[in-house]
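The values are calculated or read from the model by the stated rules, or taken from the named source; none is laboratory data. Note that the structure is a prediction, hence the values are computed from the model and not measured. We place every Cβ from the backbone using ideal geometry, glycine too, and count neighbours over all the protein chains shown. We work out accessible area using only protein heavy atoms, side chains counted, and drop any ligands, DNA or RNA first. Shrake-Rupley method; radii C 1.70, N 1.55, O 1.52, S 1.80 Å.
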There are 2 protein chains.
Amino acid sequence: MAVAWFNGRLVDGFIPLDPADRGLTLGEGVFETVAVFNAHPAYLGPHLDRLEKGTEVLGIALSRSTIEQGISEIISAHRCRSGILRITATAGPGLRGLAASATEPTILITLAPWQEAMLNQPVKLATSAIRRNEHSPACRLKTLAYIDNILAAREAARAGADDALMLNTAGRPVCSTISNLFAIDGRALITPPVAEGALPGIMRARVLALAKSVDLDPVERPMTLADLHSAGAVFLTNSIRLTRPVTAIDNVQISQAASEPVQAMFDTLCREILRETGGDPRQADGTNL
Amino acid sequence: MAVAWFNGRLVDGFIPLDPADRGLTLGEGVFETVAVFNAHPAYLGPHLDRLEKGTEVLGIALSRSTIEQGISEIISAHRCRSGILRITATAGPGLRGLAASATEPTILITLAPWQEAMLNQPVKLATSAIRRNEHSPACRLKTLAYIDNILAAREAARAGADDALMLNTAGRPVCSTISNLFAIDGRALITPPVAEGALPGIMRARVLALAKSVDLDPVERPMTLADLHSAGAVFLTNSIRLTRPVTAIDNVQISQAASEPVQAMFDTLCREILRETGGDPRQADGTNL
């Protein structure tokens, strides 16, 4: 076990958890996964904004400065240049009863080693039978309820794919188990609105904001499977892998005709992260400071 | 904190959890809540059967005899006559990546004091805006992904109701946040099939099996809100509260015309539990052995 930061201090080994912690017993919590380059978390502000929004919906009182302090301490302790930071905030110990609220949140911060070849890797998708529930506010929060995504990811692996394409209950494509979904059609850079059941991804927001800089027009609209098959390119985004071109869906090849703007978007994101953190994701490796 | 049973031993206080436990980080786990009367868990066999089915779907290797041993030890330690046992089984510590599997499950068993006035209490429901996702296998497992239910329960509390009526994505009533749903129409005892998004409740199965003994015919079929409003009685079932008559849905009164068979079912369940455990739920209290 690597050193973790837990409720105010670094812990080497097991974390002392209250057995009534509603994060463990009911999945009542939210998390963020943040890439670290040059010992600086990328897009930390937007990640903490989203964490705060999630904890507000769940009624969890969070101290942002405590979390920032924890992040600083764990990065120092690990002495890593690049890595994958995970911040988990649960409701903490609570009474029995779903409507009951807890008083003292639990904060766990871990830092996993950077893995080479995470960025911009091509991905084959298999459509999952498990539908994304756009009728739940939870689908727009990064909560601990990841069972559907886990089952869908394993279903995709069994089908020989790298990730699952998730449709919402209306049968429209929304995301993968860990990524937002984009398609390029002419100059249009299309992604489903969050109302479709998509997580408001940090990288999704950056890609929409940077569209013009790669000569694309950002469009949020519901998509169909036909849109993906007729697109010039389809790609995924998330905070660790940035962009990933989709090469096939259910063993049907996806056009790479518009792969140039996808690559341009990846390079644009890397340059933006370099400016923010002082580290270029394309040169990230597992070495320590 | 009460004494818990954790991974093979009784623990007084915090449990030493691996920070990479996928139960805490991704809600990858299942649980059971079991009523204890006369220091004997009621319907333990069916509860452990369901726990095993859930862990099979999630790929968690469980030792039933270890759990039975843990239950025995925690009941002895608490010296309680009646109580609420909770068995949580998570995938345990695992690698990053949704499709990754863990090797050593985490088992947590807790025992909460019996609360008076839990049984057969009338309940007012408010229909939740959050839909039950019948397109997910998780809705038929008792997983740790309880966010939707938590948010729905709080929504109901804000509306002045005791619990939320949950519809599936097709708009048909399925369950409450913690209970299965039944309606009596003439001699028909109707409950939605699990394909509608209902949890295969232990008490649900007993109520269906015992229907004939209270002169009702068990029927599993999709239901509508109109069915509930035209029924002679509507009631909820779960393992702790057994039955509960529904008196209103969204402030509209529900008929109590068929309240006699609901009461008869409650008494039948209590007698069955008395035969199994030696304790009558109707006489359960918080005293120790």
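Summary table below
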| read-out | value |
| --- | --- |
| Sequence-separation-based contact order of chain B, relative, with Cα cut under 8 Å and 6+ spacing, percent | 20 percent |
| Residues of type lysines that A:Lys53 reaches as a straight line, Cα spacing below 23 Å, ignoring anything fewer than 8 places off in the same chain | A:Lys142 |
| Cβ-based net charge around A:Ala159, under 11 Å, with every Lys or Arg adding one and every Asp or Glu removing one | -1 |
| Label point distance in nm, A:Ala226-B:Arg64, each placed 7 Å from Cα along Cα→Cβ | 5.1 nm |
| Residue list for region B:259-281, given a label point 7 angstrom along the Cα-to-Cβ vector of B:Ala209 and an amide N cut-off under 19 Å | B:264-281 |
| Region A:133-197 - convex hull of alpha carbons, volume per residue in Å³ | 97 Å³ |
| Inter-label distance for A:Arg79 and B:Ala77, nm, one decimal - labels placed 7 Å from Cα along Cα-to-Cβ | 4.0 nm |
| Mean shadow area of chain A, taken as a quarter of the surface of its Cα convex hull (nm²) | 14.7 nm² |
| DSSP-defined antiparallel bridges as percent of all bridges, region B:90-178, nearest 5 | 50 percent |
| Local net charge near B:Glu68, Cβ-Cβ under 14 Å (Lys/Arg +1, Asp/Glu -1) | -3 |
| Relative contact order %, region A:71-221, counting alpha carbon pairs below 8 Å whose residues are six or more apart | 17 percent |
| Region A:211-280, relative contact order in percent, only Cα pairs under 8 angstrom and at least six apart counted | 25 percent |
| Rh by Kirkwood over Cα pairs, then Stokes-Einstein D for region B:1-58 at 1.567 mPa s and 4 °C, µm²/s | 96 µm²/s |
| Gain in span if fully extended, B:Arg96 to B:Ala257, counting 0.36 nm per residue against the direct Cα distance | 52.4 nm |
| Surrounding net charge for A:Leu274, when Lys and Arg each add one and Asp and Glu each subtract one, Cβ distance under 13 Å | -1 |
| B:Ala2-A:Glu52 FRET efficiency (beta carbon distance; Förster radius 22 Å; 0.05 resolution) | 0.10 |
| Per residue solvent-accessible surface (Å²) - the protein assembly as shown, probe of 1.4 Å | 37 Å² |
| Of B:Gly97, B:Gly27, B:Gly54, the one that fluctuates the most in a GNM where chain B has Cα springs shorter than 10 Å | B:Gly97 |
| Rg ratio (alpha-carbon, reference 2.2 N^0.38 Å) - region B:134-289 | 1.04 |
| Apportionment of accessible area to carbon and sulfur, region B:151-249, percent (1.4 Å) | 54 percent |
| Largest to smallest principal axis extent of the C-alpha atoms in region B:94-143, angstrom | 45, 32, 15 |
| Overall dimensions of the protein assembly as shown as given by Cα atoms, namely Rg and Dmax in Å | 24.9, 75 |
| Added length on full extension, which subtracts the Cα-Cα distance from 0.36 nm per residue, B:Ala129 to B:Glu104 | 5.2 nm |
| log10 of Debye I(q)/I(0), alpha-carbon scatterers only, for region B:26-169 at 0.18, 0.20, 0.21 Å⁻¹ | -1.16, -1.25, -1.27 |
| Summed buried accessible surface, chains B and A, 1.4 Å probe, nearest 100 Å² | 4500 Å² |
| Other-copy label distances relative to B:Ala100, 7 angstrom Cα-Cβ extension, nm | 3.3 |
